[in-house]
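Right, one structure below, let's go through it.
The values are calculated or read from the model by the stated rules, or taken from the named source; none is laboratory data. Worth saying up front: this structure is predicted, and the values here are computed from it rather than measured. Here the Cβ positions follow ideal geometry from the backbone for every residue, glycine too, while neighbour counts run over all protein chains shown. For accessibility, only protein heavy atoms count, side chains too; no ligands or nucleic acids. Shrake-Rupley method; radii C 1.70, N 1.55, O 1.52, S 1.80 Å.
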Amino acid sequence: MAILRSATQTGIGMTSQRTRDRMLVRLREQGVLDEVVLSAIAAIPRHIFVDEALSIRAYEDVSLPIGYGQTISQPYIVGRMSEILRNGSNLKKVLEIGTGCGYQTAVLSKLAKEVYSVERIRPLVMKAREHLRDLKCTNVKLGHADGNMGLAELAPFDGIIVTAAASHIPQDLLDQLAVGGRLVIPVGTEEQILHLVERLSEDDYRTSKLEAVKFVPLLGGTQ
Ligand code: SAH
């Protein structure tokens, strides 16, 4: 007797290789051109980060709910922010603020030697930890904390990526950036603009405004 398996198990349907390949084609069309970032995205199955009921939409270019009023980032923005952070060279130590379900974290694990990520909602830290364990992302450490303060004990970082929109750029994150390092952060409330801050020397920073984005807000405290 034939054993019927679900579409997710067999890879048939919306989580198939073809659907995933189409996402890569779309990312290129949208201007994500760093081949290392594209390979990292190709290597991480996005459907495992969302509830099974939503997995048929996992390779669409949309953010999707992950519970607790939060979302998984849109593939385009994950690609774009990773590309800006990497700037063509391999990263050593990266800090992510706003782990969520851990999708961007998993992509970063392919781009950096060590990845640290903090999330303020405890059940999401647990969820992300499970996903990253399943994917054997062994170079990642997660923490339950308010990311506004960064992670002083592990600074400096050559890359810091914030995946929630800040009302202003937190001073602690600027302090924890290595000289030559890059901070990528959405700033704004109603209208949000992706900012890149480069630390040029001990006390010289250059800030560039890149493009309009849409993120959940960077909040304070933990829950
Ligand atoms: N990086 C995720 C995006 C998650 S959405 C992905 O790849 O899909 C942004 C996350 O930032 C939410 O889970 C939210 O709880 C978290 N967040 C908001 N403010 C925070 C803060 N001050 N410190 C840590 N995490 C925060």
**Study point:** Search result, residues across segment 192-212 that are under 14 Å from Ile84 (Cα atoms) and within 16 Å of the ligand (Cβ to nearest atom)
**Key:** Leu194
Review point. Can you tell me how many residues in segment 203-216 are open to solvent by less than 30 Å² (accessible area, probe 1.4 Å) and touching a His at 6+ places or on another chain (Cβ under 9 Å)?
Key: 0
**Study point:** Of all residues in segment 44-54 being within 15 Å of the ligand (Cβ to nearest atom) and more than 15 Å from Lys127 (Cβ to Cβ), the one that is surrounded by the most Cβ atoms within 10 Å (Cβ to Cβ)
**Key:** Ile44
Exercise for review: May I ask you to list the residues in segment 151-173 that are under 22 Å from Val216 (Cβ atoms) and aliphatic (A, V, I, L, M)?
Suggested key: Leu151, Ile160, Ile161, Val162, Ala164, Ala165, Ala166, Ile169, Leu173
**Study point:** Filter result (more than 11 Å from Gly188 (Cα to Cα) and charged (D, E, K, R)) within segment 205-223
**Key:** Arg206, Lys209, Glu211
Review point. So which residues in segment 104-140 are open to solvent by less than 90 Å² (accessible area, probe 1.4 Å) and among the charged types (D, E, K, R)?
Key: Glu114, Glu119, Arg120, Lys127
Exercise for review: Give the number of residues within segment 179-191 that are surrounded by fewer than 16 Cβ atoms within 10 Å (Cβ to Cβ) and within 16 Å of the ligand (Cβ to nearest atom).
Suggested key: 1
Check your understanding: Taking Leu200 and the conditions (1) open to solvent by 20 Å² or more (accessible area, probe 1.4 Å); (2) closer than 24 Å to Ile72 by Cα, which numbered condition does it fall short on, given that it satisfies the others?
Key -> (2)
Exercise for review: Taking the residues in segment 154-178 that are under 18 Å from Lys113 (Cβ atoms) and more than 17 Å from the chain's Cα centre (by Cα) as candidates, determine which candidate is most open to solvent (accessible area, probe 1.4 Å).
Suggested key: Pro156
Check your understanding: For segment 63-166, which fully contained strands (runs of 3 or more DSSP E) count at least 3 residues that are at pLDDT 95 or above and more than 12 Å from the ligand (Cβ to nearest atom)?
Key -> 91-97, 112-119, 157-162
Check your understanding: What is the residue count in segment 27-71 for residues that are in contact (Cβ under 8 Å) with a residue 12 or more places away in the chain and basic (Lys, Arg)?
Key -> 2
